[in-house]
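Participant: After the structure tokens below, expect a handful of questions from me.
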Amino acid sequence: MTENWVNETLYAEWGQRFLVKRELAQVKSAFQDIRIFESHLHGRVMLLDGVVQITEADEFVYQEMLAHVPLLAHGAAKRVLIIGAGDGGVLRRVLQHRTVEKAVMVEIDGEVIRLAKEHLPRIGGDAWTDPRATVIVGDGIDHVRQAEAGSYDVIIVDSTDPIGVGEVLFTDEFYANCFRILTDRGLVVNQCGVPFMQAEELRETSLRRAKFFPDVFAYLAAVPTYVGGFMTLGWAAKDAGCRKVEVSEIRRRADVAGVLETTRYWTPEIHVGAFNLPPYIGMHLPRG
Ligand code: SAM
């Protein structure tokens with residue numbers, strides 16, 4: 001029998017491939033090609049337009065860092081907006097915080113949500129039915145245009161890369177509206193690519209955020225299947241103090257929120273350390 005390999009198509013000249021154990025879904029939605037399969041080493045894997053979005057084996061790295069860092073850096077986040085993230089993993093981590101009162105998730109592609117619930121049920125877990133969650137199928141840019149000023153404490157953008165439907169989430173208009181709809185100490189984080197391979201993405205989106213936010217930075221996570229070394233998570237905050245909180249205070253906040261010692265990647269030390277950027281990455285951020 002011939003082996004079924006899936007080659008990731010992110011870069012034309014270099015990539016990773018997975019040996020497929022079992023195909024689970026191949027769907028062409030109104031927005032993208034969605035493929036989910038069972039792999040041999042990484043559990044179930046989801047690709048959008050040929051690009052790896054999530055594997056069951058290492059999703060914890062990305063989701064923990066995308067959810068716990070902004071919430072604990074803020075320290076009193078009650079209302080959280082999540083854009084994209086249709087697999088449900090960020091929603092689940094956000095709702096782990098008993099201090100969060102409301103989480104609104106806006107995902108453009110209802111098929112991603114449907115297929116994730118069917119084939120990746122552990123990723124979203126009980127979050128889908130949590131009474132604090134509101135899941136909207138719609139475009140993130142429309143939601144931030146229409147939301148009232150000061151309606152969220154934290155915004156988490158877990159989008160595809162800045163091509164296709166995800167492109168609007170990297171624009172001036174998007175960041176201007178994020179600033180407007182955040183509360184006084186509000187902050188926004190987003191997935192910002194792997195800078196060893198995608199430095200432009202970090203450089204351009206950081207410059208854009210700096211037009212609106214006084215504190216623009218990035219922090220690191222090492223996600224094995226986002227190949228090319230560290231990935232950067234972009235950071236834009238109204239209050240620079242949020243990324244300078246001591247380890248002991250982050251630990252205290254995590255304890256109060258109920259997330260301390262529930263994690264496999266995030267720790268208070270990693271939280272603080274993740275803001276220390278190697279020069280090859282830091283050079284792409286605007287000088288303050
Ligand atoms: N964790 C993944 C990664 O970094 O590769 C990304 C997660 S994936 C679930 C990103 C989601 O963003 C996709 O489901 C996609 O449909 C959604 N998305 C892209 N553009 C969007 C937009 N304009 N508004 C809302 N969701 C969007």
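The values are calculated or read from the model by the stated rules, or taken from the named source; none is laboratory data. Computed from a prediction, not measured in an experiment: that's the story for all the values here. Cβ coordinates were reconstructed from backbone atoms using ideal geometry, including for glycine residues, and neighbour counts include every protein chain displayed.
Participant: Determine which single condition VAL27 fails, assuming it passes every other condition in (1) within 15 Å of the chain's Cα centre (by Cα); (2) closer than 24 Å to GLY138 by Cα; (3) of a type in the set (A, V, I, L, M, F, W, C).
Facilitator: Of everything listed in (1) within 15 Å of the chain's Cα centre (by Cα); (2) closer than 24 Å to GLY138 by Cα; (3) of a type in the set (A, V, I, L, M, F, W, C), VAL27 misses just condition (1).
Participant: Residues in segment 32-42: is at least one within 23 Å of VAL165 (Cβ to Cβ), within 10 Å of the ligand (Cβ to nearest atom), surrounded by fewer than 24 Cβ atoms within 10 Å (Cβ to Cβ) and outside the structural domain of GLY140 (by TED's automatic domain parsing)? Write out each step before concluding.
Facilitator: Quick first cut of segment 32-42, residues within 23 Å of VAL165 (Cβ to Cβ) only: 32-37.
If we keep only those that are within 10 Å of the ligand (Cβ to nearest atom) as well, we get 32, 34.
Imposing the further condition that a residue be surrounded by fewer than 24 Cβ atoms within 10 Å (Cβ to Cβ) reduces the set to 32, 34.
Subset that is outside the structural domain of GLY140 (by TED's automatic domain parsing): 32, 34.
Yes, that holds for at least one residue.
Participant: Another question, then. Identify, please: which residue in segment 154-185 is charged (D, E, K, R) and under 16 Å from the mean Cα position of the chain (by Cα) and is, among those, modelled with the highest pLDDT?
Facilitator: Among those that are charged (D, E, K, R) and under 16 Å from the mean Cα position of the chain (by Cα), it is ASP158.
Quick grid of which residues meet (1) in the same structural domain as TRP235 (by TED's automatic domain parsing); (2) closer than 22 Å to ARG243 by Cβ; (3) more than 16 Å from the ligand (Cβ to nearest atom):
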| residue | (1), (2), (3) |
| --- | --- |
| VAL154 | yes, yes, yes |
| ASP158 | yes, yes, no |
| ILE163 | yes, no, no |
| THR171 | yes, no, no |
| VAL194 | yes, yes, no |
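Participant: I'm told VAL52 meets every condition in (1) of a type in the set (Val, Ile, Thr); (2) away from the ligand (no atom under 12 Å from the Cβ); (3) assigned to a strand (DSSP E or B) except one. Can you identify the failing condition by its number?
Facilitator: The number of the failed condition is (2).
Participant: Another question, if that's okay. Which condition does THR134 not pass, out of (1) hydroxyl-bearing (Ser, Thr, Tyr); (2) within 12 Å of the ligand (Cβ to nearest atom); (3) surrounded by fewer than 22 Cβ atoms within 10 Å (Cβ to Cβ), if it passes all the others?
Facilitator: Unmet condition: (2).
Participant: Considering (1) surrounded by 17 or more Cβ atoms within 10 Å (Cβ to Cβ); (2) touching a residue at least 60 places away in the same chain (Cβ under 8 Å), say which one ALA199 fails and leave the rest.
Facilitator: Of everything listed in (1) surrounded by 17 or more Cβ atoms within 10 Å (Cβ to Cβ); (2) touching a residue at least 60 places away in the same chain (Cβ under 8 Å), ALA199 misses just condition (1).
Participant: For segment 81-88, indicate whether the set of residues that are more than 9 Å from the ligand (Cβ to nearest atom), of a type in the set (A, V, I, L, M) and farther than 27 Å from GLU200 by Cα is non-empty.
Facilitator: No: zero hits.
Participant: Just checking, does segment 97-114 include any residue being more than 9 Å from the ligand (Cβ to nearest atom), basic (Lys, Arg), farther than 21 Å from ARG253 by Cβ and buried (at least 22 other Cβ atoms within 10 Å of the Cβ)?
Facilitator: Checked against the condition, which is being more than 9 Å from the ligand (Cβ to nearest atom), basic (Lys, Arg), farther than 21 Å from ARG253 by Cβ and buried (at least 22 other Cβ atoms within 10 Å of the Cβ), segment 97-114 yields no hits at all.
Participant: To continue, here is another question. Out of SER151, SER206, which single residue is in contact (Cβ under 8 Å) with a residue 24 or more places away in the chain and closer than 17 Å to ILE281 by Cα?
Facilitator: SER206
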